[in-house]
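The values are calculated or read from the model by the stated rules, or taken from the named source; none is laboratory data. Keep in mind it's a predicted model, so treat the numbers as computed, not measured. Don't worry about glycine lacking a Cβ; one is built from the backbone with ideal geometry, like all the others, and counts go over all protein chains shown.
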Amino acid sequence: MPGSPSSTQSPSQVPVGVDPNRPSIARIYDGFLGGSHHYEVDRAVMDKISTAVPEAVHIARGNRGFHNRVLRMLASQTEIRQFLDCGSGLPTAENTHQIVQRHHRDARVVYVDNDPVVLAHGRALLAENDYTHMVEADIFEPQGVLQHETVREYIDFSQPVALLHIGTMHHYEGDGAADVMREYIDALAPGSFVALAHFYDPEVPELTAVAKRIEEILVAGPLGAGRFRTRAEIEAMLPGLELLPPGSTAGPGLSVADEWWQDGPRLTPLSDAAKCVAGVVGRKV
């Protein structure tokens, strides 16, 4: 993937279907994780966010850490061998298939995205992996995903599935996020798990102020989306599921993503921004 296109760059140097003049959520996220697959227009948005909240990078890292710990848990402690990763984003360290196939080589993973850069890189990465596939679909249109021929070929919905919506639903505008998730959940067999990570408004004045500063940049800017929702709003996206506790001493439900079954004792305090992304896992009974 080339770097930022210059003003003299020829069209042949830009991947087909990619608009270097319009920011991409996937490329911005990749940039905050330390990747290089982004353009000047993406870096402009990153700069605005970082200026408003210098530790905003912690949101992306918390989101990814939650993803990794959830996948390790599901791969090592459940019988699930099929994973549907919605809005997978650009390939980075510890992708879903790498984590689960480290435990079970034949675990099936289907990634879903509609970003041209994500699709191009994903298909290249997975070209020689018979158990992992990338499909193009709008993750906010559940039936388009669930009925996609590749999804139906490799995911058996009569058996438990792990459904991942990690850092996706906060880019859904409006009040229908819970309805979108309900369609997905209704299609899952009992014993399935759903993992959700979402921008979080902890409803604490100083943290709500951090959330609102970032939200204003995302929603008012060229991306046009990026909502920070409350605990009640996020947990409402997992209707009918049995929510797992996020730690050994916590009750079931949502937690700050960095605190969901963390890998060890926390020796440094979380930043305010890190407290503004949450994770929750539910099981369909």
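Here are some notes:
- Search result, residues across the stretch 164-176 that are outside any loop (DSSP other than H, G, I, E, B) and either of a type in the set (Gly, Ala, Ser) or on the phi > 0 side of the Ramachandran plot (or both): none
- Pairs linking a residue in the stretch 103-127 that is aromatic (Phe, Trp, Tyr) to a residue that is buried (at least 16 other Cβ atoms within 10 Å of the Cβ) and part of a helix (DSSP H, G or I), with Cβ atoms under 6 Å and 6 or more positions apart or on different chains, are 111/122.
- Scanning the stretch 66-95 for residues that are among the polar types (S, T, N, Q) and over 18 Å from residue 159 (Cβ atoms) yields 68, 76, 88, 92, 95.
- Residue count for the stretch 119-135, restricted to those that are over 18 Å from residue 92 (Cβ atoms) and β-branched (Val, Ile, Thr): 1.
- Subset of the stretch 234-285 that is assigned to a loop (DSSP other than H, G, I, E, B) and of a type in the set (S, T, N, Q) - its residue that is farthest from residue 181 (Cα to Cα): 268
- Across the stretch 109-144, the qualifying residues are those that are among the hydrophobic types (A, V, I, L, M, F, W, C) and farther than 23 Å from residue 75 by Cα, and the one among them that is farthest from the chain's Cα centre (by Cα) is 124.
- Residue ID - nearest to residue 195 (Cα to Cα), chosen from residues in the stretch 223-267 that are touching a strand residue (DSSP E or B) at 6+ places or on another chain (Cβ under 7 Å) and among the aromatic types (Phe, Trp, Tyr): 260
- Residue 76 touching a His at 6+ places or on another chain (Cβ under 6 Å), surrounded by fewer than 20 Cβ atoms within 10 Å (Cβ to Cβ) and not β-branched (Val, Ile, Thr): yes
- Single residue of the stretch 257-285 satisfying the filter (surrounded by fewer than 20 Cβ atoms within 10 Å (Cβ to Cβ) and touching a Gly at 6+ places or on another chain (Cβ under 9 Å)) that is nearest to residue 209 (Cα to Cα): 270
- Whichever residue in the stretch 177-204 is assigned to a loop (DSSP other than H, G, I, E, B) and in contact with a Pro (Cβ under 8 Å, 6 or more places away or on another chain) and, among such residues, is surrounded by the fewest Cβ atoms within 10 Å (Cβ to Cβ): 190
Quick grid of which residues meet (1) modelled with pLDDT under 70; (2) surrounded by fewer than 21 Cβ atoms within 10 Å (Cβ to Cβ); (3) charged (D, E, K, R):
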| site | (1), (2), (3) |
| --- | --- |
| 16 | yes, yes, no |
| 19 | yes, yes, yes |
| 30 | no, no, yes |
| 36 | yes, yes, no |
| 39 | no, no, no |
| 43 | no, yes, yes |
| 48 | no, yes, yes |
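- The C-beta contact set for the stretch 149-162 (first residue free of Cβ contacts under 8 Å to residues at least 40 places away in the same chain and surrounded by 15 or more Cβ atoms within 10 Å (Cβ to Cβ), second residue hydroxyl-bearing (Ser, Thr, Tyr) and not in a strand (DSSP E or B), distance under 9 angstrom, 6+ apart or interchain) comprises 157/192.
- If only residues of the stretch 85-140 that are out of contact with any strand residue (DSSP E or B) (no Cβ under 6 Å at 6 or more places or on another chain), among the β-branched types (Val, Ile, Thr) and under 27 Å from residue 173 (Cβ atoms) are counted, the one that is surrounded by the most Cβ atoms within 10 Å (Cβ to Cβ) is 118.
- If you go through the stretch 210-232 and keep only what is of a type in the set (Asp, Glu) and buried (at least 17 other Cβ atoms within 10 Å of the Cβ), you end up with just 215.
- Check on residue 112, at pLDDT below 85 and of a type in the set (A, V, I, L, M, F, W, C): no
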